[in-house]
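Here the structure comes first, spelled out in structure tokens, and everything after it is commentary.
The values are calculated or read from the model by the stated rules, or taken from the named source; none is laboratory data. Predicted, not measured: the structure shown is a model, and the values here were computed from it. Cβ atoms come from the backbone with ideal geometry, glycine included; neighbour counts cover every protein chain shown. Areas reflect the complete protein model, heavy atoms only, side chains present, ligands, DNA and RNA absent. Shrake-Rupley method; radii C 1.70, N 1.55, O 1.52, S 1.80 Å.
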Amino acid sequence: MSGLFPNAWYIARREYLVRVRSRAFVIMTAILALVGLGLALAPVGFRMLGADRPQRLGVVISAADPPPRTLGLLGGGLNPPSAAGQADGGTPRSANYELVPVSDPIAARRDVQDGRLNGLLTIGRSSSGDLAFDYFGDSSPTSRSLAAVQAASQQLAISDRLTRAGVRDPSAIFTPVGFRVEPLDPNAGRRDTAASVAAYLLATVLVVLTFMAIMTYGNWVAGSVAEEKSSRVMELLITAASPRQLLAGKVIGTCAAGLTQYLAILGAALVGVILSGPLSRAIVGGSGASSPFAGVTIPVLIVFGLFFLGGFVLYAAVYAALGSMVSRQEDVQQMVGPMTLVGVVGYFAAFTALSTPDSGWVHVLSFVPFFAPYFMPLRLVLSTVTPLEVVFSALLLVAGIVIVHSLAARIYSAGVLLYGQRPGIRAVWRAARVRR
Amino acid sequence: MGGTGREAPDHGMSLVVDHISKRFGTILALDDATFTVEPGRIFGLLGANGAGKTTSMRIVLDILRPDSGTVTWEGRPNTALPRRTWGYLPEERGLYLRMRVAEVLRFFASLYGVSSADASGEVDAWLERFRIADYLNRKVEELSKGNQQKIQFIASILHDPQVLIMDEPFSGLDPVNVQLLKEAFLAMRDRGKTLIFSTHQMETVEELCESIAILDRGRVVVSGAVRDVKRAMGRQVVRLAVDGDGTGWVEQIPGVQLTRRGEDYLELHVASGSDPEEVLRAALARGDRVTRFEIADPSLEEIFIEHVGRRAEEPERHLAEVATAPDTGAQDR
């Protein structure tokens, strides 16, 4: 049996250089880096585009006997004071409204049509004596501002009824009450709501990153093996190096190229995140929204890095073995289909797990080698994991890698010499020679 | 090139393919094949397509394991030998098309443990010999098929292997390049290398090989030194041209058979035990003027046909059939 190195290293180096020098790689990386930068800057962009700018609402008071401090009450309803309990849905935190008293309703309607005002609210009284409201503006049922204005108008009307019933200072009724949440899992209590949102976002990002790496770079491995086979350079390779060296070199080289692309994208995104703070202060004032990077700690980075690499190496070996069984590159997609399915199943299961990170099945899957790369980082971010669990899962992953790589090398050694229509896994297995 | 009186081969130092069998699904690619290649010689592996030549080579290289039988070189089993013992030129030509010639050659040299510094001198010398020195920094895909084949040959010998195994090395080359490659073979032989190549071009074998094995349907039908193989045929060939009319008299001579009527000569087989000169004497006795009389060993072509039952160029079975045959993913060339 020959050692893995240095041949695996030479093969990896060739694979890496050919990959990163290719035009497709350069173009794709540049595009993805731009996308990463764009996504990181998107919150700032939305503010610039006015999604976060105060809504200007014209108010016409046509009621003969308006309640005292009409505009103040309305404004209080529309822009509730920041307090605990606001994350329960209700009024969106970032929306705020500027009320503009209007004396000329005709001109104001034109302003709404021309976009100078976002809406026009006319306050009158019905024959029953209650306040009555007319709203002119965007009336789409999903409009957040319409819902907010309606809710604030309701408050104003109730307050008006109370005043007429003789209650003093009815606005005190609407002061937010205290509302404390005690979590079922005592450890979850460490985090406040904003941190939970950030953790959720971070876990989502990690799952997506892992999934994309496995799918994209796994396919690179399969395609590259199939290319060597269809271009018949394989016979020279297999005489010069052992299947294990070829397999390891291919996986390492592709992984390095994939990481290069990832680092370029993440670097661009990071630049965007760093820039978005000063940018948003400069453009609109105020700090940025909660960033998924808030939950990144050193342990999370280490665990994610280990499981990300481990998962890639595990899946890539299978992809290489599958790639070795096809004769033409066109058949690669068909051959890797089942493996893609495994990856997708893990991905969707991980998405389900995002909302139930403490359940038993998530616990179990975080130890299964093909799923651990999704589930272990996810649990670390969203739930509680002991270091022992992480180490155990990592050991299982390493064992899985060793087993899968030696099986894959066996399939590979036979697969690369088989040229035919579509050798089934059984034909390949029968042809597989004893490992060298 | 027949025997030049070398001493008896030392089988302990030879490449010995000993009772190898290999089955792919329903096809028996090699059936108890046995042959010996003496060190420092050029050995021809002959056979039609599908006879088992490529499978034999892959088994010698240990990229395929036989179902039974062993391969030894210098007394050691091939499974225990380092990869750099062998230099292999596969029949199917393939290189990394988008890499430069120098890069590809450096890469393959590095896999065999040869540093780029050591490789580059050798590379320059070989490119020079093959008259493609200008192509060092070209991309492989810019080269013609013939030139790619030469690069592949160089890639297979940069690590100075003891045994060169070349599968149909001359196919697809123009006459000039065939000549260059033949000269390269002889140069390697003169360096003490052992060469094994497969072909179905008998003239090349006659020109280069000291010994051969003929494969048919996975079986070795004959093997050994070319001279011995020819002797074992037990007959000689006579080419005769006479001025007289009629040819019937020729076959009256005992042990003589007319095998071919050439443009201006006759080709005769003379069985062992008969004297070829009997033909000459008979012709002179008839009073014909003899313009050509030549005694020769039978050609390899004839030997091949005798043993296999058809010419080497006629495929025994189609590759496509083998490749798509049910219950097999393998093919054998």
query: Of all the residues that make up the stretch B:95-112, how many are open to solvent by 60 Å² or more (accessible area, probe 1.4 Å) and within 8 Å of another protein chain (Cβ to nearest Cβ)?
result: 2
- line: Taking the stretch B:60-81 and keeping residues at the interface with another protein chain (Cβ under 10 Å from one of its Cβ atoms) and surrounded by 16 or more Cβ atoms within 10 Å (Cβ to Cβ) leaves B:Leu61, B:Asp62, B:Ile63, B:Leu64, B:Arg65, B:Pro66
query: Across the stretch B:82-94, which residue is farthest from the other protein chains (Cβ to nearest Cβ) among those that are in contact with a helix residue (DSSP H, G or I) (Cβ under 8 Å, 6 or more places away or on another chain) and assigned to a loop (DSSP other than H, G, I, E, B)?
result: B:Glu91
field: Sole residue being within 14 Å of another protein chain (Cβ to nearest Cβ), open to solvent by less than 40 Å² (accessible area, probe 1.4 Å), at pLDDT 85 or above and under 22 Å from A:Ala30 (Cα atoms), chosen from A:Gly267, A:Gly253
entry: A:Gly253
query: Under the condition of being facing chain B (nearest Cβ under 10 Å) and of a type in the set (Ser, Thr, Tyr), which residue from the stretch A:6-31 is nearest to the chain's Cα centre (by Cα)?
result: A:Ser22
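Conditions tested, residue by residue: (1) outside the structural domain of A:Gly305 (by TED's automatic domain parsing); (2) open to solvent by 40 Å² or more (accessible area, probe 1.4 Å); (3) in a loop (DSSP other than H, G, I, E, B).
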position: A:Asp358; (1), (2), (3): no, yes, yes
position: A:Val362; (1), (2), (3): no, no, no
position: A:Phe370; (1), (2), (3): no, yes, yes
position: A:Val381; (1), (2), (3): no, no, no
position: A:Val398; (1), (2), (3): no, yes, no
position: A:Val402; (1), (2), (3): no, yes, no
position: A:Leu407; (1), (2), (3): no, yes, no
position: A:Arg410; (1), (2), (3): no, yes, no
position: A:Ser413; (1), (2), (3): no, no, no
- prompt: Quick one: would you say B:Thr79 is under 23 Å from B:Asp31 (Cβ atoms) and under 22 Å from the mean Cα position of the chain (by Cα)?
  reply: no
message: Would you confirm, using the coordinates I've provided, whether A:Pro81 is touching a Lys or Arg at 6+ places or on another chain (Cβ under 9 Å) and modelled with pLDDT under 75?
response: no
- request: Could you list, in sequence order, all residues of the stretch B:151-181 that are of a type in the set (D, E, K, R), over 22 Å from B:Ala109 (Cα atoms) and surrounded by 17 or more Cβ atoms within 10 Å (Cβ to Cβ)?
  value: B:Glu168
message: Between B:Asp327, B:Asp288, which is part of a loop (DSSP other than H, G, I, E, B) and at pLDDT 65 or above?
response: B:Asp288
statement: Selection from the stretch B:48-64 of residues touching a residue at least 24 places away in the same chain (Cβ under 8 Å) and either in contact with a His (Cβ under 7 Å, 6 or more places away or on another chain) or assigned to a loop (DSSP other than H, G, I, E, B) (or both) yields B:Ala48, B:Asn49, B:Gly50, B:Ala51, B:Gly52, B:Leu61, B:Leu64
